[in-house]
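Structure first, then comments.
The values are calculated or read from the model by the stated rules, or taken from the named source; none is laboratory data. As the structure is a computational prediction, the values presented were derived from the model and not from experiment. All Cβ positions, even for glycine, are placed from backbone atoms using ideal geometry, and neighbour counts span all protein chains on display. We work out accessible area using only protein heavy atoms, side chains counted, and drop any ligands, DNA or RNA first. Shrake-Rupley method; radii C 1.70, N 1.55, O 1.52, S 1.80 Å.
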Amino acid sequence: MDEFFMSKALALAARAKGRTSPNPMVGAVVVRDGKIVGEGWHHKAGTPHAEVHALKEAGELASGATIYVTLEPCSHYGRTGPCSEAIIKAGLKKVVVAMTDPNPLVAGNGLRRLRDAGIEVVEGVLSKEAAKLNEAFIKWITVKMPFGVLKTAMTLDGKIASYTGHSKWITAPPAREYVHTLRNTYDAILTGIGTVLADDPALTTRLPAGGRNPIRIIVDSKARISLTAQVIQDKLAPTIIAVTKEAPAEKLGALEALGIEVLMVPEIRGRVDLQALFKRLAEKNITSILIEAGAKINAACLAANIIDKVYWFIAPKIIGGKSAPSPVGGEGIEEMSQALLLEDFEQHTVGKDILICGYVERREGRDVYRTCGRIG
């Protein structure tokens, strides 16, 4: 029964996907005599936590009941009060949590406070599912780096465009709509200046029911972007331009005058240092970044070891052409033993297209793949 009620709490937490950053998604269920008497989830940062909503709905029935929470109740004062104290005050007899909070401000303190108050605490129920739900928050809060997600689409023969550069569209409408659900989920979307110059994308979320637009990040070492580009002119979402010292000061001033944030980032071989860029973005409370770019940026991101997860679409089409681009550029590896591997991957069909979703394997010696990021 613990897993049954925890699964309910996880489903509640997931309702707020893309809405709680930089906080985690949390769901809570209050159970008395085998029946749910209160439910709640964290809606957005700065608002009451899941436990508070669930306890309010349960009312007096919370006394002597059990609460199921997907993440350890907090014990510190932030923009809201500590949930561990609210649980104690409500008189619950038992707390079941999926996982402890990786936030150093909490890190077991909430559970200790509950135990000290005489409340029974059970840990680790559906912990893997809870960790996956908050994978972006966990990385950001523990290593101070955003969770990097690479999305790309290619044909059966591994092409992302024809030899002329024509690429609309590789995938069918259902796959493209799926991508917009991803944009609706992650904090930011990143692409390179090459994509902006070639396609002038809006990089917004376009779903039938609407959605949240991610922060737009353009990697543009020399500030070559046009002042008339969509990401500059429309105000549907904030835009950040990452540049190096090679960018002309006059152009940077013009961008800032249009309300664009310019980030001066260290360079590597004349290009934006992507590791340094991600660290700067983490400091801005950006916990997750979706990369939708071309072969050069994809290769550089993989080489910089900033990709955690991959969404790889394969369309049942054949383009051909030895000069037609592939999803990952650079010089590539020398031997198959150096290839990056995906783990915990899943395969789905989205319309007529195939989607492979998985995590980049972490292993010793992975830096050998940095050779793949040589982009000239």
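Descriptive notes on the structure:
- Between the C-alpha center of the stretch 113-179 and that of the stretch 265-321 there is a gap of 14 Å.
- Ligands, DNA and RNA left out, the 1.4 Å accessible surface of the chain is 53% carbon and sulfur atoms.
- Check: the stretch 50-138 dipole with +1 on Lys, Arg Cβ and -1 on Asp, Glu Cβ, in debye: 100 debye
- Nearest 10 degrees, 0 to 90: helix 274-283 Cα axis against the chain principal axis: 30 degrees
- Across the chain, the fraction of Cα-Cα pairs farther apart than 29 Å, rounded to a whole number, is 48%.
- For the stretch 36-139: rounded, prolate or oblate by the Cα gyration tensor [a/c cutoff 1.5]: rounded
- Only one residue of GLY40, ILE297, GLY59 has its Cα farthest out toward the positive end of the dipole of the chain, where Lys and Arg carry +1 and Asp and Glu -1 on Cβ, and that residue is ILE297.
- Size descriptors for the stretch 1-95: radius of gyration and Dmax over Cα atoms are 12.1, 35 Å.
- Relative to the longest principal axis of the Cα atoms of the chain, helix 2-14 runs at roughly 50 degrees.
- Reachable aspartates and glutamates from LYS168, criterion Cα separation under 20 angstrom, eight or more residues apart if same chain: ASP157, GLU177, ASP199, ASP200, GLU292, ASP353
- Surface per residue (accessible, 1.4 Å probe) for the chain, Å²: 47 Å²
- Taking each residue as 0.36 nm, the span from LYS352 to GLU135 lengthens on full extension beyond its C-alpha to C-alpha distance by 75.2 nm.
- Rounded FRET efficiency, nearest 0.05, which uses the C-beta distance separating LYS128 from LYS222 and R0 of 45 Å: 0.50
- Check: the stretch 79-199 dipole with +1 on Lys, Arg Cβ and -1 on Asp, Glu Cβ, in debye: 180 debye
- Available extension along the chain between ALA45 and ALA209 is 56.8 nm, counting 0.36 nm per residue and deducting the alpha carbon span.
- For the pair SER63 and LYS317, the difference between a 0.36 nm per residue extended length and the Cα-Cα distance amounts to 85.4 nm.
- Mean ellipticity per residue at 222 nm, deg cm²/dmol - from DSSP H runs of n ≥ 4 across the chain, formula -39500 (n - 2.57): -7500 deg cm²/dmol
- Cleavage-rule hits, GluC sites (Glu not before Pro), the stretch 111-199, DSSP coil, Cβ neighbours within 10 Å at most 14: GLU123
- Each Lys and Arg adds +1 at its Cβ and each Asp and Glu adds -1 at its Cβ; summed about the Cα centre, the chain shows a dipole of about 580 debye.
- Cβ-Cβ distance of ARG112 and THR181, R₀ of 35 Å, FRET efficiency by 1/(1 + (r/R0)^6): the value works out to about 0.35.
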